[in-house]
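Just so it is clear, none of the values below were taken in a lab; they were calculated from the coordinates. Keep in mind the model is a prediction, meaning the values are calculated, not measured. Neighbour counts run over all protein chains shown; Cβ positions are idealised from the backbone, glycine included.
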Amino acid sequence: MNAYIRLMRLNKPIGTYLLLWPTYWALFLSAKGWPDIDLLIIFTLGVLVMRSAGCVINDYADRNIDQDIARTKDRPLITGEVSPKSALRLFIFLLIIAFGLVLLTNALTIKLSLIALALATLYPFTKRWTHLPQVVLGVAFGMSVPMAFSAQTGSIPLYAGWIFLATIVWTLIYDTFYAMADRDEDIKIGVKSTAILFEKYDQIFITFLQILLIIVFVVIGNLFDLGSIYYFSLVIILIFMIYHQLLMKKRQKELFFKAFLNNNFIGMTAFIGIFLSVVI
């Protein structure tokens, strides 16, 4: 059982948090306050299940290369604790649960979930043929935004696209940090990423994305008429970004990974700002 927990990363909830925050941004903004409680439960459980499914299919896709990376060589599919067939069965089981949850919403949300499923399944394989798998991951994670709007309101307004964009940009930031930590080993085994694509210009790339994210957050604040508390949360986010810049300057893989983990606080801070603006 412990092996399956590790395979689904239930012992490492950071990925769940990173997917959960944009989902909550969209749910609370679409409702302009508390979303329907049933939708809050459905989407929370859906995030947990789909993140677990994503980890399983990721490890299945990487089962022939994880042994060459120090950070991943102890994963259950590498140690033999879980067989590839068992991993695929678990993946399908988790997808059935996730689809069962989305069936409790509406037709539009169900259709969107099929796109999200395709992207989540495709993502682990894209690192073989493109240097932009982080973009695919961002779009996959971003699908929670139109799904939240469609479930809560029955439609997807154009301005929801700004939250979708924020999710993609933020995912690009933290997953590039993640890739920077693995860059040397990824190059050896032929895995592609934005960290490899931009290489010595990675800090410039991250800085550009951080500035873009702040701009998009400001636009969201104006579109949804969010209050001063929200804009104060953006100041805190800016402080976190400066901290990440300082971590990057030292060019140590452990600090790149620390910056990745610390991005959780950016998503959480943005949510707190949104929550306090629309609920209070």
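Is it true that some residue in segment 211-227 is among the aromatic types (F, W, Y), in contact with a helix residue (DSSP H, G or I) (Cβ under 8 Å, 6 or more places away or on another chain) and over 23 Å from A70 (Cβ atoms)?
Initially, segment 211-227 is screened for residues among the aromatic types (F, W, Y), giving 217, 224.
In the following step, the residues that additionally are in contact with a helix residue (DSSP H, G or I) (Cβ under 8 Å, 6 or more places away or on another chain) were identified as 217, 224.
Applying the additional criterion that residues be over 23 Å from A70 (Cβ atoms) yields 217, 224.
Yes, segment 211-227 contains a residue that is among the aromatic types (F, W, Y), in contact with a helix residue (DSSP H, G or I) (Cβ under 8 Å, 6 or more places away or on another chain) and over 23 Å from A70 (Cβ atoms).
Could you tell me which of the residues V278, V218 is closer than 23 Å to F28 by Cα, assigned to a helix (DSSP H, G or I) and over 21 Å from the mean Cα position of the chain (by Cα)?
Only one candidate passes the filter, namely V278.
Identify, by number, the condition in (1) farther than 22 Å from I156 by Cβ; (2) part of a helix (DSSP H, G or I); (3) out of contact with any Ser or Thr (no Cβ under 8 Å at 6 or more places or on another chain) that A70 doesn't meet.
(2)
Does G190 satisfy the condition of being exposed (fewer than 15 other Cβ atoms within 10 Å of the Cβ) and either under 20 Å from the mean Cα position of the chain (by Cα) or over 24 Å from V49 (Cα atoms) (or both)?
Yes, satisfied.
If I ask for residues that are within 21 Å of P157 (Cα to Cα) and of a type in the set (A, V, I, L, M), which ones from segment 211-237 would you list?
Within segment 211-237, L213, I215, V216, V218, V219, I220, L223, L226 qualify.
Here is a list: T109, T105. Which entry is outside any helix (DSSP H, G or I), among the polar types (S, T, N, Q), over 16 Å from the mean Cα position of the chain (by Cα) and at negative phi? Let's see the steps before the verdict.
Working: T109 fails: outside any helix (DSSP H, G or I).
That would be T105, the only listed residue that is outside any helix (DSSP H, G or I), among the polar types (S, T, N, Q), over 16 Å from the mean Cα position of the chain (by Cα) and at negative phi.
If you check every pair at least six apart or on different chains, which have Cβ atoms under 9 Å apart with a residue in segment 181-202 that is in a loop (DSSP other than H, G, I, E, B) first and a residue that is surrounded by fewer than 14 Cβ atoms within 10 Å (Cβ to Cβ) and among the hydrophobic types (A, V, I, L, M, F, W, C) second?
As it stands, the answer is K192/W129, since those pairs meet every condition given.
It is to be established whether one or more residues within segment 151-166 are outside any helix (DSSP H, G or I), more than 23 Å from L261 (Cβ to Cβ) and under 20 Å from the mean Cα position of the chain (by Cα).
Initially, segment 151-166 is screened for residues outside any helix (DSSP H, G or I), giving 154-159.
Cutting the leftovers down to more than 23 Å from L261 (Cβ to Cβ) gives us 154-159.
If we keep only those that are under 20 Å from the mean Cα position of the chain (by Cα) too, we end up with none.
Scanning segment 151-166 turns up no residue that is outside any helix (DSSP H, G or I), more than 23 Å from L261 (Cβ to Cβ) and under 20 Å from the mean Cα position of the chain (by Cα).
Working carefully through the options Y60, Y17, Y24, find the one that is in contact (Cβ under 8 Å) with a residue 24 or more places away in the chain, over 28 Å from M268 (Cβ atoms), in a helix (DSSP H, G or I) and within 21 Å of the chain's Cα centre (by Cα). If you could, list the steps in order and put the result at the bottom.
Values: Y17 fails: over 28 Å from M268 (Cβ atoms); Y24 fails: over 28 Å from M268 (Cβ atoms).
Within the list Y60, Y17, Y24, the selection yields Y60.
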